[in-house]
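The structure appears right after this line, and notes come after that.
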Amino acid sequence: MIQRSACVFLRLLSRAPTPPSSCTSKARAGYYGTQATSSLREACESSNYSRTDDEYADVEWDNLGFGLVQTDYMYMMMCGRDEEFKQGQLSRYGNIELSPSAGVLNYGQGLFEGTKAFRREDGGLFLFRPQENAIRMQIGAQRMCMPCPSAEQFLDAVKQTALANRRWIPPPGKGSLYIRPLLMGSGPVLGLAPASEYTFLVYASPVGNYFKEGIDALNLYVEDEFHRAARGGAGGVKSITNYAPVLKAIARARDRGFSDVLYLDSVNKRNIEEVSSCNVFIVKGNILSTPATNGTILAGVTRKSIIDIAHDLGYEVEERSISIEELINADEVFCTGTAVGVAPVGSITYKGNRIEYKTSTQLVSQKLYSRLTGIQRGIVKDDRGWVVEID
Ligand SMILES: *Cc1c(COP(=O)(O)O)cnc(C)c1O
């Protein structure tokens, strides 16, 4: 057991990008209290990071779902009015204290990310394309008027969180450690304005399958009343404000026995967009199509990776508008996301009609998924440098 000093000091590698000047308001400049922040700091400074080498945590690895399992450590880094994140550190996983008037609590000024750490047969620990998450958080931060950690700071925080919680990274093939970075306006505000202080926090939880269906096909409900995102809104970034509004649609669909909801565009109610937390693809002959990311759809890292893998396997890929009629007439439909992986769709239900897709033959989605997991597991050559070894 190696004892390390509490809250390892982090050397700043580069400056956080400055948010657009339109975000800076008088309210932001006139700032009075730092109490919330100092109690966060105290919580952090009072704990130790002690590394326990390579034993596994006490988890039933065969029964992992997608539920929160508390791990040992989280990472936290603050940013004040100077808009520079500094002194990031690990602390014991636990509750944080926030001002009742924190921007994130009152006005939803927050973003999240999701990436995974894997353990290979040879014991090596890896992340999959974490730079993509770092960049996506920066783009989201611009949209939400927040300063953001640099890509280097983001990567360092994700690595530290994964390594500090290494005993929670499942054995090879049993799942992964889902890593959840958060960026939030933690400073107090009363009038609607960007917060004066920001907190970047990273925690992690071991996960297995996202859907209770496991690797079975999903049954999606095509929602024609609720929409996930609108033109000009924040659907294209991983803003926390995109998720609570779809809980109602998801709950209604689950009550009726569906796995999740597929949303339509809010203008014409005719083109498919995506599922609550994953992207969607259709297959017709040798062509894969997925809705273009024009601001209402989250540009998934898995989506992007599957497009490249599909090209490698000789498929054509189109990013464009896809009508509900095309969805109905597709040979195959599947979803992609860090949490779900690549999940085949067995049926969609639209205006009371259920359309079933073949799932008995060898699916295109299966070929794509085994290639993707092959790269992650080190069985297929990683030509593009997607996999990052952390230990
Ligand atoms: C996170 C997310 C995805 C998937 O993105 P990945 O980077 O592949 O995990 C897709 N759609 C929505 C709405 C999401 O929140």
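Read the figures in this text as sums done on the coordinates, not as results from a lab. This one's a predicted model, so the numbers in the text were calculated from it and none came from an experiment. Cβ coordinates were reconstructed from backbone atoms using ideal geometry, including for glycine residues, and neighbour counts include every protein chain displayed.
Near the amide H of Gly65, under 5 Å away, which other amide H atoms are found, from residues 5 or more places off or on another chain, if H is placed in the peptide plane?
Result for Gly65 returns Gly208.
Straight-line reach from Lys284: which aspartates and glutamates have a Cα under 19 Å away, not including same-chain ones fewer than 8 places off?
By straight Cα distance, Lys284 reaches Glu273, Glu274, Asp308, Asp312, Glu316, Glu318, Glu319, Glu325, Glu326, Asp331, Glu332, Glu356.
Could you count how many Lys pairs in region 155-271 have their Cα atoms under 22 Å apart, skipping same-chain pairs fewer than 8 positions apart? If you can, show how the numbers build up before the last one.
Details: Lys159/Lys174; Lys159/Lys238; Lys174/Lys212; Lys212/Lys248; Lys238/Lys248; Lys248/Lys269.
Here the count comes out as 6.
Could you list Lys269, Lys351 so that the one with the fewest beta carbons within 10 Å of its beta carbon is first and the one with the most is last? Kindly include the intermediate steps, with their values, before the conclusion.
Details: Lys269 13, Lys351 7.
Listing Lys269, Lys351 from fewest to most nearby Cβ atoms yields Lys351, Lys269.
Could you list which residues have their amide H under 5 Å from that of Gln87, counting only those 5 or more apart in sequence or on another chain, with H placed in the peptide plane?
Residues meeting the criterion, in which the H sits 1.01 Å from N, are Leu10.
Given axes a ≥ b ≥ c from the Cα gyration tensor, I'd like to know whether region 212-298 is rounded (a/c under 1.5), prolate (a/b larger than b/c) or oblate. Please report the intermediate quantities before stating the final value.
Working: a/c = 1.61, a/b = 1.05, b/c = 1.54.
Oblate is the answer for region 212-298, as a/c is 1.5 or above yet b/c matches or exceeds a/b.
What does the C-alpha gyration tensor say about the overall shape of region 150-235? Classify as rounded when a/c is under 1.5, otherwise prolate if a/b is larger than b/c, or oblate. Could you put the intermediate results ahead of the total?
Working: a/c = 2.97, a/b = 1.09, b/c = 2.72.
It comes out oblate by the Cα gyration axes.
Taking amide H positions as placed in the peptide plane 1.01 Å from N, state which residues far from Ser276 in sequence (5 or more) or on other chains have amide H under 5 Å from it.
Val261
Within a 10 angstrom radius of the beta carbon, how do Tyr75, Tyr93 rank from fewest other beta carbons to most?
Numbers: Tyr75 30, Tyr93 18.
Ascending number of Cβ neighbours within 10 Å: Tyr93, Tyr75.
Post the alpha-carbon centroid distance, region 314-391 to region 96-133, in whole angstrom.
24 Å
Which value in nm describes the separation of the simple spin-label points at Gln87 and Arg384, placed 7 Å from the Cα toward the beta carbon?
4.0 nm
Under the 0.36 nm per residue contour assumption, what length would be gained going from the current alpha-carbon distance of Leu247 and Glu356 to full extension?
Working: separation 109, 0.36 × 109 = 39.24 nm, distance 2.50 nm.
Result for the pair: 36.7 nm of gain on full extension.
Determine the gain in length on full extension of the stretch Leu68-Glu225; use 0.36 nm per residue of separation and subtract their C-alpha separation, reporting nm with one decimal. Please list the in-between numbers first.
Numbers: separation 157, 0.36 × 157 = 56.52 nm, distance 3.07 nm.
Once the chain is fully extended between Leu68 and Glu225, it gains 53.5 nm.
Under a plain spin-label model, where a point goes 7 Å from the Cα along Cα-to-Cβ, how far apart in nm are Glu325 and Leu192?
Taking the two extended label points, one gets 4.0 nm.
By count of other Cβ within 10 Å, fewest leading, how are Asp265, Asp383, Asp308 ordered?
Details: Asp265 23, Asp383 9, Asp308 15.
Least crowded to most crowded, the residues run Asp383, Asp308, Asp265.
How many nm is it between the label spots at Glu152 and Leu313, if each spot is 7 Å from the Cα in line with the beta carbon?
3.8 nm
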